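The values are calculated or read from the model by the stated rules, or taken from the named source; none is laboratory data. Note that the coordinates shown come from a computational prediction; the quantities given were computed from them, not determined experimentally. We place every Cβ from the backbone using ideal geometry, glycine too, and count neighbours over all the protein chains shown. The protein model used for the area step is the full one, side chains on, heavy atoms only, and it has no ligands, DNA or RNA in it. Shrake-Rupley method; radii C 1.70, N 1.55, O 1.52, S 1.80 Å.
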Amino acid sequence: MKVLAAGVVPLLLVLHWKHGAGSPLPITPDNATCATRHPCQSNVMDQIRNQLVQLNSSANALFVLYYTAQGEPFPSNLDKLCRPDVTDFPPFHANGTEKARLVELYRIVAYLGASLGNITRDQKVLNPNARSLHCKLNSTSDTMRGLLSNVLCHLCSKYHVANVDVAYGPDTSNKDAFQKKKLGCQLLGKYKQVIKVVAQAF
Amino acid sequence: MLTLQTWIVQALLVFLTTDSIGGLLDPCGYINPESPVVQLGSNFTAVCVLKEKCMDYFHVNANYIFWKTNHVTVPKEQYTVINRTASSVTFTNIPLLNSQLTCNIRTFGQIDQNVYGIRIISGLPPEKPKNLNCIVNEGKKMMCQWAPGRETYLETNFTLKSEWATEKFDDCEAKRDTPTSCTVDYSPVYFVNIEVWVEAENALGKVTSDHINFDPIDKVKPNAPHNLSVNNSEELSSILKLTWINSNIKNFITLKYNIQYRTKDASTWSQIPPEDTASTRSSFTVQDLKPFTEYVFRIRCMKADGKGFWSDWSEEASGITYEDRPSKAPSFWYKIEPSRTHGHRSVQLIWKTLPPFEANGKILDYEVTVTRWKSRLQNYTVNGTELTVNLTNDRYIATLTARNLVGKSDASVLTIPACDFQATHPVMDLKAFPKDNVLWVEWTATNGSVNKYILEWCVLSDTLPCIPDWQQEDGTVHRTYLRAPSKGPTVRTKKVGKNEAVLEWDQLPVDVQNGFIRNYTIFYRTIIGNETAVNVDSSHTEYTLSSLTSDTLYMVRMAAYTDEGGKDGPEFTFTTPKFAQGEIEAIVVPVCLAFLLTTLLGVLFCFNKRDLIKKHIWPNVPDPSKSHIAQWSPHTPPRHNFNSKDQMYSDGNFTDVSVVEIEANDKKTFPEDMKSLDLFKREKISTEGHSSGIGGSSCMSSSRPSISSSDENESAQNTSSTVQYSTVVHSGYRHQVPSVQVFSRSESTQPLLDSEERPEDLQLVDNVEGSDGVLPRQQYFKQNCGQRETSPVISHFERSKQGSSINQEDFVRLKQQQISDHISQSSGSGQMKMFQEVSTAASFGPGTEEQVERFETVGMEAAIDEGMPKSYLPQTVRQGGYMPQ
C-alpha cells in the first residue's frame, strides 16, 4: 500500500499541474477545453527562455550536489553509475517548429517533473540530512512547475493545444536504495544534458 | 450504599434546581433580530414579541412594552405597536455603538419586568483594499501587503488569493496582528506571472481588491552583495578597487548597483554615477579619490531594469588610497638670531607642517639645502619643522622639500639676504582690522615683482610675551586674514589602558581658531618608534588610540587644521600600564590558588608518605644503648678477612642511611630478604668463615649493602665497628665526593671494637679504594635510585633464576624459619652465620657489578614488596643478642 501510495505521489503531482496529464493524451486543438484562469501574459516566451536559462544554470550544480550526497562509489564512478542512459526520455528536436518544440518541451518537463518528485521523495529517505540537496531539488521542481504552466499557457493561448500526451519514467519506489540512487543520478545527468540543448533551442 | 444515596440526592437536587431555574428563566418574549450587526449611520428596527402565556400571567400586551438601551429608556416616539403581542423600536442614523437593547414590560402598573435583551454592534463594511503590492525577498517566500481602507470597527478578515494562469494557490489568511500583510506558504517561482488579490470580509460584507498580475522576478529584493573588500593601487594613489560577491540571483537576472563612499570621518555619502554600475559585475574601481585617505564603501543591488527592490546595503568596507607625493611645498621662513661670533649669524629656518590633504601621505622628513653664492651646497635632513644654521653675513638661498614614501614636494625657496640688505620696496600701508570674526590684514603692493609675502604677528598681552606666528601668502595677494589657528589644541589622556588610551581635548577658542577648524591630527609616537598620525573630525573632542604597546611611554600632540593651515599643540606624554585593569588579579589569584592547592597536595602527600620521608630524612637510628647484649665476647677475634668497615667510615665514606633500612625484621624475617640472603649463600657457599661484624650489619645496616659493595669494597663487609650504625652520612654519587659529610651524633656508649683501630683494615680499604674507587656510595645510588638501572638486571636475574625460583622461595622460607628460630634462640653463632654468608657473597670477589646489582635488586624488591616497616639489624640483634666480633 505504501509502495502504491509512493508511486502515486508523483503522478498526482503531475495531475495537479495539468488535468489529464496522467494518461496519454493527444495534442488536441480544442479551444473549448483550453481555458486558463487568467490570460497568458504577452511575454510568456521570454519567461520560458528565462526559465530554461535558470534551470540550465543550476543543472550542473544539482547533479554535483546529488552524486556528492550519495557518497561513494558515485563520485568516483560517474561514467558507470551516472551515465545519462535514460531510454524512455522524451525526444527533443531543436529544429522543429515553435509549436512542436513547445509540445516536446512540455513532455520533457512533465517527465522531469515526475522524476524529480521521485528523486526528492527517495532522497528524503536515503539522505535525510542532505538539506541543501533537498532544497535544490525542491527549487528545481518549483521552477519546472512554473515552466510547465507557462508552456501550457502558451500552447493553449497561441496554439489552442489543451492536452499533450506525456510519459513518465519508471517508478523507483520498489527499487532498492542503490538502484534509486543510480536512477536518480542517471536522470539528473540526462537532465543536465538535455536542458542545455533545450535552452539553446529557445 | 451511602455513597449511592448521596449521589441520587445530589442528582435530584440538581435536576429540580435546573428545572425551576429554567422555568424562571423562560423569557416572556424575544427580540428580533437576535444578534444584529448594524452599519454605522443606517436605521435599525428591533421587534419585541411577547408570549401569550406571559401576557396572561402579567395581564399585559404590546402597549406595555418599553425599550431601554444601556439601561436608559428609549423615548416612546421611537416605538411602534405592531399588534397585541409585538412592538418595535426604530433607531435612525445608528452611531458607533456596542450597546445593550432590552425589551421590558411594566407589570401591575409599577413593576418593570425585563423580557429580553440583545446586543447591537455597529460598524462598517470593509473597504476595498488598496495599494496591494508584493515583495519577494530572495531565498524567502513572497509577502504581500495592502492598505486595508477605513476602520470597520468589526472583526475583518483579509485573505490573499493568488493563482497562475493554470492553477490556483492556497489562500493566505492575514493574521490578526498583521491584517495588512500576508506571507504565502509556497516558494516563489520566477518567470511565471502570478495574479494576486485580497479579499476583505466582515459581518457587513465582503470586498475584493484590484487584481495585480506580475512576474515575481519583478518584485524581487536581492540579497545584498557580500564580502565587499577594498584594495588600493600602488600605481595610482587616487583609486580604490572594490570587489564583492553577488547573490545567486545574478545567474538569471541582470543586476545594477549603487556604490556609495565617504571619507572615514565624513557623515554624508557620495555615490558613484549609477550609469557606471548598470550591469552585473563583481568589482569596480573608484577614481578621483584623495591620496592617503581612508574611504568607507557600501554597495547594494537590484534588478537592472529597475523592477523590484533594492537590496539592503552591504556591510561597509574601508580602504586607504595609496600615498602620493606632497602636492604643495611647505610654507618656509626664517628668523635671524644675533651671533656672538663676528661675521656669522645664527639663522633659524622654520616651516609649517603640511595639512594631510597636501601631505598626501606620511611626511618622513624635510630636506633643506642652504647655498651661498658660488659655494658648496649644504644639505640637511630634518624631522622637525625648524633648523638652525650658522651662516656668514652673505646672502644665502635655502630650499625646503617635504618627503613622503612616494616622493618629494616642490621646493620652497627662500632667500636669506645678506646682513646689509635693505629692502628697496618695503610693504606699505599695512592695516589690520577685524571682520567676520577673523582678523584681516591688508597692505599696499609694492611695485616690484613679489614671489610671496610673509605675515608675522603675535598676540599682544600683558601676561604673555610676544610669541610671533607667521603665515605665507602668494605674491599676488594684498589682503588676507590670519588663518591658521594661533594655538594648537592641548591634548590630554582621559583614560589609559594597557593597549589603548582615550585622548581628549577642548575645542579651540574661537579667538585662536582663525577660521573653521576642518580637522585635527593626532601625532603619537614612542621614544624610539616612528610617529603615527591620525586624522580626527573637527566635531570630536575625544579619540581612542588603540593597538598601543603596554608599559611604554608615548608622546602625543595634536594639530588643528583650518583650510589654510595647522598649528601644533603642546606635546603630552603618558605611559601605558604594564597590566590591564584586573589583569594582575587574574594572574595572582589563580597562582595563589595553584600554590595553595600544591601545598595542600604536598602536605597530604607528606602525610601519607610520612614513613617513607622519615626513612630518608631522619631514619630511626637504633640506640645501641638500648641494645641488650646477651653475650659479649671481647676476646673473640675479628674474623674478617677483609678490611673492616670502620676504616671506611673513619674516612667519612659511610654508606647512606637507606642502606640501614633494608633489613631483616626483628621478628619477621621476610622471605624475600631471606631469599636474597639465600641466594647469596648459594652463590658463595665456599666463602665460609668470613664474618660480618656487627658494625657492618648496623652501620651498613643490612646485609645487602654489604653484598652490593662486595665487588667494590670487600672490606666493607668486614665491619667490627661498634658505632657505625649510629653514623649517618650523606654519600656522594659515584665518583663524586660529597661536599658535606654529616654525621649524626652517636648515642652509643659502646666502646669501639678493636678492629676499628686496625691499620691493616685501613690498608685494605685504601687498596680497594685505590683500585676501584667505586665505594659504597654507589650502593646508595643503586639502592635508592637504581630502580630503572636495575630493572634489566632483574630481568637478567629472573632469566637466570627462572627455573628454580619457586623452589628457592620455598627454600628461602625454610631458611627464614630456620634463621628465625636460630635468632630467637639467641644464637649468636647463627647470627654470625647469616652475616658470614652475606659477607661471603659480597666477597665473591671482584664479581661484575651486574651481579651486585642483582643482589641489590632482589633485596630491595623484597623490602618494597613487603611494604613492612623496616627494622634495623641491631634491633634484630636485640633479640638474638649483640654479637661483637
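Points worth noting:
- Label-to-label distance for B:Thr532 and B:Arg479 is 4.7 nm, based on points extended 7 Å past Cα in the beta-carbon direction.
- Under Karplus coefficients 6.51, -1.76 and 1.60, residue-wise ³J(HN,Hα) of region B:446-451 in Hz, glycine/proline x: 7, 6, x, 6, 10, 6
- Using θ = phi - 60° in the Karplus curve 6.51 cos²θ - 1.76 cosθ + 1.60, the 3J(HN,Hα) couplings for region B:34-41 round to 6, 10, x, 10, 10, 6, 4, x Hz; x is entered for Gly and Pro.
- Distance histogram for region B:216-256 (every C-alpha pair counted, 10 angstrom bins, percent rounded to whole numbers): 24, 37, 23, 13, 2
- Across the cross-link table entries B:Lys431/B:Lys487; B:Lys219/B:Lys264; B:Lys206/B:Lys303; A:Lys182/B:Lys161, which are compared at the Cα atoms, the separations over 31 Å belong to B:Lys219/B:Lys264; B:Lys206/B:Lys303; A:Lys182/B:Lys161.
- Eigenvalues of the alpha-carbon gyration tensor of region B:367-486, scaled by 5 and square-rooted, set the equivalent ellipsoid semi-axes at 29, 20, 16 angstrom, largest first.
- Amide proton proximity set for B:Thr575, modelled H, under 5 Å, gap of 5+: B:Tyr554
- Heavy-atom accessible area per residue - region B:327-377, 1.4 Å, Å²: 54 Å²
- With q set to 0.22, 0.34 Å⁻¹, the log10 of I(q)/I(0) for region B:403-446, from the Debye formula over equal scatterers at the Cα positions, is -0.84, -1.12.
- Under the Karplus curve 6.51 cos²θ - 1.76 cosθ + 1.60, θ = phi - 60°, whole-Hz ³J(HN,Hα) for region B:177-192, x wherever Gly or Pro sits: 7, 10, x, 10, 8, 7, 9, 6, 7, 8, 6, x, 10, 6, 6, 10
- Long-range amide H partners of B:Asp469 with built H, under 5 Å: B:Trp457, B:Cys458
- Remark on B:Ile336: its backbone amide H falls under 5 Å from those of B:Gln348, a criterion applied only to residues 5 or more positions apart or on other chains, H modelled at 1.01 Å from N.
- Stokes-Einstein diffusion for region B:131-280 at 20 °C, viscosity 1.002 mPa s, with a Kirkwood radius from C-alpha pairs, works out to 115 µm²/s.
- Considering region A:122-195 at the alpha-carbon level, its Rg and Dmax are found to be 15.5, 45 Å.
- Here the spin labels are modelled as points 7 Å beyond Cα on the Cα-Cβ line, and at A:Ala167 and B:Phe605 they lie 8.5 nm apart.
- Of every Cα-Cα pair in region B:331-406, the percent that sits beyond 21 Å: 32 percent
- Across every pair of non-identical alpha carbons in region B:109-196, the mean reciprocal distance, once inverted, gives a Kirkwood radius of 15.8 Å.
- The B:Cys466 and B:Ser346 beta-carbon pair, evaluated with R₀ = 22 Å, returns a calculated FRET efficiency of approximately 0.65.
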